[in-house]
Structure formats: structure tokens, C-alpha cells
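Peer 1: The structure is given below, and queries will be raised subsequently.
FYI, it's all coordinate maths here, none of it is from the lab. Quick caveat, the model's predicted, so the values are computed rather than measured. As a convention, Cβ positions derive from the backbone with ideal geometry for all residues, glycine included, and neighbour counts pool all protein chains shown.
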Amino acid sequence: MEPGGGSSRGMIRRVAEKAAVTPLTIGESCGVFGVFAPGEEAARLAYFGLFALQHRGQESAGIATSDGNAITVYKDLGLVAQVFDEGKLASLTGDMAIGHTRYSTTGSTVWANSQPTYRDLGDASIALSHNGNLTNTSVLGQQFDRSGASTDSELMTQALAEAIEAGASLPKAIATVAPEFEGAFTLAIMDRKTLVGIRDPMGFRPLCLGALGEGWVIASETAALDIIGAKFVREVSPGEMVVITSDGVESHFPFAAAQPQMCVFEFVYFARPDSRLYGEEIHSARRRMGERLAEQSHVDVDIVVPVPESGIPGAQGYAARAGIPYIDGLVKNRYIGRTFINPSQSMRDLGVRMKLNAMPGELGGRRVVLVDDSIVRGSTTRQLVQMVREAGATEIHLRILSPPYRWPCFYGMDTGDRSTLLAAGKEVADIAEYLAVDSLAYLELDGLLAATGAPADGFCTACLSGNYPTDVPMTADKFLLERS
Ligand code: AMP
């Protein structure tokens with residue numbers, strides 16, 4: 001039986017009617033950033049902030065700035081350092097900026113989907129950066145003019161533009177229309193003189209507030225504050241809107257209160273290890289996940305080896321708790337990122353070897369516990385196991401720092417439908433057989449939640465438990481299991 005219930009749809013509270021119009025491209029888990037720094041070059045600060053958030057999205061990058069009179073936007077496909085150079089940053093003038101890095105594992109990598117989005121409203125023009133997915137775009141598409149909108153982020157921009165054209169200020173427009181949005185949305189929005197940061201009432205995706213001299217910064221993760229020397233002030237609360245102007249910061253709560261539901265995968269995989277969420281340093285939380293996994297699934301081996309980078313803190317915790325030596329048996333190419341040059345088929349077949357390589361000198365003749373944070377599709381993991389075996393490991397015991405990933409995410413982690421998820425509909429023994437490991441153990445959900453150090457009821461665990469905290473409005477197709 002599935003952990004979340006008996007049937008594949010059992011825990012979904014409501015699957016709404018199939019959208020009457022073609023669904024919009026959904027947004028993805030991304031990095032957002034905003035800064036108001038009087039007298040400073042905001043574009044340069046945004047560039048460094050985005051650089052620290054690069055792990056949250058490698059498909060495209062963009063910055064919008066305001067000099068108080070006009071908004072300028074530059075965005076393109078590629079990594080932050082590929083998209084921007086001195087000349088482009090110099091043309092982005094002003095002391096207020098928002099930025100965005102876009103992530104997707106599937107979906108279209110086209111310029112039109114890059115952010116910030118922009119609407120020319122004369123003196124009231126706006127730019128917007130979004131992290132998350134809305135779950136009611138079909139309803140919103142009937143409510144607002146969706147003709148120019150190809151993504152949920154653009155639809156939100158359009159909704160705001162309509163309220164602003166009707167006479168509302170930016171904060172008032174957000175407070176009026178944002179309660180219509182359902183699902184995950186952490187936003188950085190600005191007009192020429194106001195910077196706004198907002199989290200949806202459940203706070204699926206993170207946002208923090210920092211102080212920088214006379215100015216203010218908002219960012220998906222605290223690591224983006226550190227890189228520009230901003231002082232962490234606090235996390236923006238779920239449902240909170242912070243309005244930043246030359247008068248300072250105001251806090252508003254435009255939504256009905258809800259139980260916070262931060263994505264637990266922020267702790268497992270997404271967030272940088274040096275960021276803090278719910279006041280907890282992510283690296284320490286991941287180390288605790290490893291400790292708990294060692295307690296839960298001890299096995300007699302010679303060495304504990306992490307899958308870099310994501311498995312490192314967990315493997316350290318596992319090794320320390322189990323009293324087994326921690327060894328780097330795999331090396332990751334540090335310069336790997338998504339490139340926009342498609343490798344040839346023969347290179348693609350090399351697959352994981354482009355990212356990771358195994359060292360026979362460390363692995364040969366040894367019984368290995370291999371630690372990684374998660375298995376999604378299983379294709380990387382399967383190749384990796386084979387590589388470790390070829391490097392001479394005599395036994396491979398795979399330990400995963402989160403429970404089986406069995407349910408599709410609707411809130412910003414674009415990991416595909418159920419048919420692409422290795423663990424969907426499978427028992428752990430079947431997964432172990434597919435991956436060709438000697439044993440396989442996943443950290444139990446209770447252990448994962450306890451390891452975060454944050455309140456256990458403060459997380460969305462839908463991908464692991466099947467318990468969706470909101471109505472799920474897409475077609476039911478995303479739930480079908482069609483693996484051949
Ligand atoms: P696979 O075996 O193909 O499922 O790949 C497993 C690896 O994917 C693990 O090392 C994870 O760190 C990584 N991973 C987990 N979630 C994601 C995600 N949303 N996007 C990309 N990689 C991910």
C-alpha cells in the first residue's frame with residue numbers, strides 16, 4: 001500500500017474539472033531576489049544575489065532595475081554569469097532591482113518563459129519574479145485576460161496590471177488579487193518606487209528579509225544575503241507581504257491564516273547547505289538526516305561514501321553515527337551545469353559520467369554504504385551504482401536521506417508525472433532490484449521531519465506522503481502510472 005493511502009488518488013482532496021482552455025505552462029522552483037539600496041548599483045547586488053541562488057535554477061536569469069523614473073529589464077537563457085556582463089549590468093541603472101533564476105527539469109526552455117516578467121503601465125509599470133506553481137491557473141485564466149500570458153507568472157502579472165489600471169497602488173493591487181491565487185507563490189515585485197516581497201499563505205517556497213546599510217534585501221535563501229554582506233533580519237512569514245520603500249519596511253497579511261506548509265524538499269535537496277530555513281542551518285539538518293538513517297538501517301560495511309554534492313552532509317552524519325569511515329569515493333565535476341549545447345547521443349550515453357566519476361583506489365574491494373538525498377527518476381542512481389560496482393565495490397548498500405518519492409509535485413518541483421517517478425507504485429524491494437544494489441533503505445518520514453529541527457506540521461510532504469495540502473486542479477493524468 002502507498003504510504004499516503006490505498007489508492008493512487010486517495011489523498012487528493014479534489015481533482016477539479018479538466019481545464020476548459022489549454023493549461024498554461026506552469027512555473028518552476030526558482031530563485032528570487034529583490035534589493036532596494038539607496039545610492040548603490042542595485043543591478044550589481046542582484047547579480048551577486050542571483051549568483052548565490054544559481055542552484056535554484058539554471059535555465060534562465062534576469063534582472064529588472066528601477067532608477068525611480070523607469071524600469072529596465074534584461075533576461076536571457078543561460079547561467080547568471082553567461083547572461084550578464086559588465087556592459088549589461090551597467091545598462092541596468094538604479095538603486096532598486098529584482099532578479100530571477102529559472103529552474104525546470106521538463107518544460108520549455110524558451111526566452112519567453114524567462115523572468116522577471118514586465119508590464120508597461122506608464123508611470124505604474126511593474127516587474128515580477130516568481131518561485132512556485134499556481135494550482136488554479138485555469139480558473140484565473142477565465143477571470144483575467146490571459147491572451148498575452150504563457151505562464152502562471154505572466155498571468156499573475158496580468159492580474160496585477162488589471163488592478164493597477166483600475167487605480168490601485170502596487171501593494172493594494174497585490175493585496176486585492178493575490179488572495180485569488182492558489183498554490184505556491186513566492187514573489188518579488190516592483191514598480192518604479194516600491195519593492196514588494198510576498199509568500200503564499202502556506203509558505204511553500206522560502207523568502208527572507210535582510211538589511212543592507214540604509215536599504216533592504218529579499219531573497220529565496222539566506223545565502224544570497226551573505227554573499228552581498230546583508231544582515232539577516234528574519235524569514236518573511238507564510239502569508240506575509242513586505243512593502244519596501246524609501247520610508248522603510250511595512251508588513252501586511254492579506255490572506256486568511258493557514259497552516260504553514262514549506263516544501264520539505266527544500267531541506268532535502270533544493271536549498272544550499274549554508275542557507276537557513278525555519279531558523280535551522282540546512283547542512284546541520286542534512287547531517288542529522290544521516291544520523292537518523294544510520295540508526296534506522298545499520299549495516300556492516302567498510303566505508304560510507306556520499307553521492308556529491310547532495311549526499312555529503314548526510315553521509316557525514318551516517319558515518320559518524322555508525323562509526324564507519326567516511327570516504328570520498330566519487331568525484332563531481334565542479335563545472336557541470338546545464339548547458340544549452342545538446343551533447344551528441346554517444347556523449348549522452350555516457351550519462352552520469354559527465355557529472356561524476358568513481359575512484360577504484362577508494363572503492364575497490366570494499367563493502368560500501370552509498371548515501372544520496374533522494375531518488376526521483378532513478379536513472380542517475382542506477383548508472384551510479386553500476387559505476388561504483390565497476391570501480392570494485394564488493395557490496396553496495398544504498399541509503400537515501402528521504403522517503404520514497406512517489407507523488408507528483410504541483411507546487412514548484414517539476415519532477416514530472418507519476419509514470420516517471422521510480423518509486424511510484426513500487427515496493428522498496430522492487431526498487432532495490434531495479435537499481436541492482438545489495439540493500440536499500442530510505443529515511444522514514446518521521447525521522448526526516450524530526451531531523452529538520454523545525455515543527456513537523458510545518459511542511460508539505462505531498463511528494464513523499466501523497467497528502468496534498470491544497471486542492472489539486474490539474475488533469476488526473478499526472479497521477480496515472482503507465483511505466484512499461
Ligand atoms: P535519479 O536517480 O535520476 O532520480 O537522480 C537522483 C539525483 O537527483 C539525486 O542525486 C538528487 O540529488 C537529484 N535530485 C533530486 N531532486 C531533484 C530535482 N528536483 N531536480 C534535479 N535533480 C534532483
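Peer 1: When only C-alpha pairs under 8 Å and at least 6 residues apart count, what is the relative contact order of the chain, in percent?
Peer 2: Over the chain, the number comes to 16 percent.
Peer 1: Using only Cα atoms, figure out Rg for the chain and give it as a multiple of 2.2 N^0.38 Å.
Peer 2: Rounded to two decimals, the normalised Rg is 0.98.
Peer 1: Which order, highest average first, do 451-459, 55-63 follow once you tally other Cβ atoms within 10 Å for each residue and take the mean per peptide?
Peer 2: My ranking of the peptides, most packed first, is 55-63, 451-459.
Peer 1: Which of Trp216, Trp111 has the fewest other C-beta atoms within 10 Å, and how do the rest follow up to the most?
Peer 2: Ordered from fewest to most neighbouring Cβ atoms within 10 Å, Trp216, Trp111 come out as Trp111, Trp216.
Peer 1: Would you grab the residues whose amide H sits under 5 Å from the one on Tyr326? Only those 5+ places off in sequence or on another chain, please, with H modelled 1.01 Å from N.
Peer 2: Placed amide hydrogens put Val304 under 5 Å from Tyr326.
Peer 1: Pairs on different chains or at least eight residues apart, Cα atoms closer than 18 Å: how many lysine pairs in the chain fit?
Peer 2: 5
Peer 1: Another one. Percent relative contact order of segment 362-484, based on C-alpha pairs within less than 8 angstrom and at least six residues apart?
Peer 2: Dividing the mean separation by the residue count of segment 362-484 yields 28 percent.
Peer 1: Let me ask you something else. Modelled label-to-label distance, Val110 and Glu86, 7 Å Cα→beta-carbon offset: nm?
Peer 2: Result: 3.6 nm between the two label points.
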